[in-house]
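Report on the following structure.
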Amino acid sequence: MGYAATLLSRLPPALGGDNGLRALLEILEPYLPPEQIHRLSRAYHFGADAHAGQTRKTGEPYITHPVSVAQELARMHLDVEAIIAALLHDVVEDTDVSLEDLEEAFGAEVATIVDGVSKLDQIQFRSRAEAQAESFSKMMLAMIEDIRVILVKLADRLHNMRTLGFLRRERQVAIARETLDIYAPIANRLGMNRIKVELEDLGMRYLYPYRYKVLEKALKRSKGNQRQMVKKITDELQATLSDEGIGAEIIGREKHLYSIYKKMSE
C-alpha cells in the first residue's frame, strides 16, 4: 500500500472519500515524497476547517473548489508549495485566517503565492477595452515574482467556469467575457493549450449560448467526416515525406468550437 493510500485509510470516511482528496493524493503520490504528501494533507485539513460551513453555489462544501484547483496543478506536476497554495488560495479572502497565520503554518513561499492570487482578484478595469489592453502586462508583473501565482489563478478560473451554470445570467456573462478577454489569452501565451481551449469553449458557451448550441450541433453532425479528412491528409503527407526521405511525425487536430466561431466571424 502506498503512502497516500495508507494516509487515506487512517482518515475518517468523510475525509477519505469526499471532496476529491483521494483523487488528489493519487495524482501526487507518484512524484511527491511521503513527507510532502503529509504536509499537503495537513494543508487540506487546515483549509477544510477554515471553510467549514461555507458552500458553493452548487450546494457542495466550499473545500471542493480548492481541491479541484489543486488537482489541476497536480496534473501539471507542480511542487508542493504550489499545491498547498491552491488548497488555501481563498482562506485569506473568505475566512478569518490572516496572511500571517498562513505564513506561520505553511511558510513564506505558500503565503506569497496566496497573496499574489488575492491581488490578481482585486484588479479592476473601467472598460472591456482597458482589460484587453492592460491585463496581460499586469499579469506579467505578477509572473516576474512567481509564475505559480498565474498557474493557481488559471486553475481557479477553469474550475469556476466549469460550475458557472449555477450563477445568475448577468454574472455568467461578465465572468465569461473576462475569461475570453483575459484568462484564455494568458493560458495561450504560456503554452497551456488544453486549459486555453477549455476556457474558450466554456466562455463561448455562456457568453453566446445560442451560437454555441448551433455550432456544437453542426460539429457533432460533421465530426466523423472531419476525422476521416484529417486522417486522410495526415496519412498522405506522411507518405510523401517518407518518399522524400524526410523523417517527421504528422499530427492533425480538429478545431474546437470557439476557434471555429472566431474563423467564421472574421
Answer with yes or no whether residue 215 is at pLDDT 90 or above and surrounded by 15 or more Cβ atoms within 10 Å (Cβ to Cβ). no
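Inspect all residues belonging to segment 200-207 and state whether any of them is touching a residue at least 12 places away in the same chain (Cβ under 8 Å) and open to solvent by 50 Å² or more (accessible area, probe 1.4 Å).
The answer is yes; a qualifying residue exists.
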Can you confirm whether segment 96-106 contains a residue that is at pLDDT 90 or above, surrounded by fewer than 18 Cβ atoms within 10 Å (Cβ to Cβ) and among the polar types (S, T, N, Q)? yes
Counting only residues that are over 17 Å from residue 75 (Cα atoms) and either hydroxyl-bearing (Ser, Thr, Tyr) or open to solvent by less than 30 Å² (accessible area, probe 1.4 Å) (or both), segment 182-198 contains a total of 4
For residue 221, state whether it is open to solvent by 30 Å² or more (accessible area, probe 1.4 Å), charged (D, E, K, R) and under 30 Å from residue 123 (Cβ atoms). no
Would you be able to tell me the number of residues in segment 69-95 that are open to solvent by 30 Å² or more (accessible area, probe 1.4 Å) and in a helix (DSSP H, G or I)? 5
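Answer yes or no as to whether residue 197 is in a helix (DSSP H, G or I), of a type in the set (Val, Ile, Thr) and free of Cβ contacts under 8 Å to residues at least 40 places away in the same chain.
No; evaluated as a whole, the condition is false for this residue.
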Tally time: how many residues in segment 120-165 are open to solvent by 50 Å² or more (accessible area, probe 1.4 Å) and either at pLDDT 95 or above or outside any helix (DSSP H, G or I) (or both)? 6
Per the filter on segment 25-36, residues free of Cβ contacts under 8 Å to residues at least 40 places away in the same chain, over 21 Å from the mean Cα position of the chain (by Cα) and not in a loop (DSSP other than H, G, I, E, B) are 34, 35
Candidate set: segment 251-266, residues that are at pLDDT below 75 and under 23 Å from the mean Cα position of the chain (by Cα); chosen: the one surrounded by the fewest Cβ atoms within 10 Å (Cβ to Cβ): 253
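The values are calculated or read from the model by the stated rules, or taken from the named source; none is laboratory data. Keep in mind the model is a prediction, meaning the values are calculated, not measured. Ideal geometry is used to build each Cβ from the backbone, glycine not excepted, and the neighbour counts take in all protein chains shown. Side chains included, ligands, DNA and RNA excluded: accessible areas come from the protein's heavy atoms. Shrake-Rupley method; radii C 1.70, N 1.55, O 1.52, S 1.80 Å.
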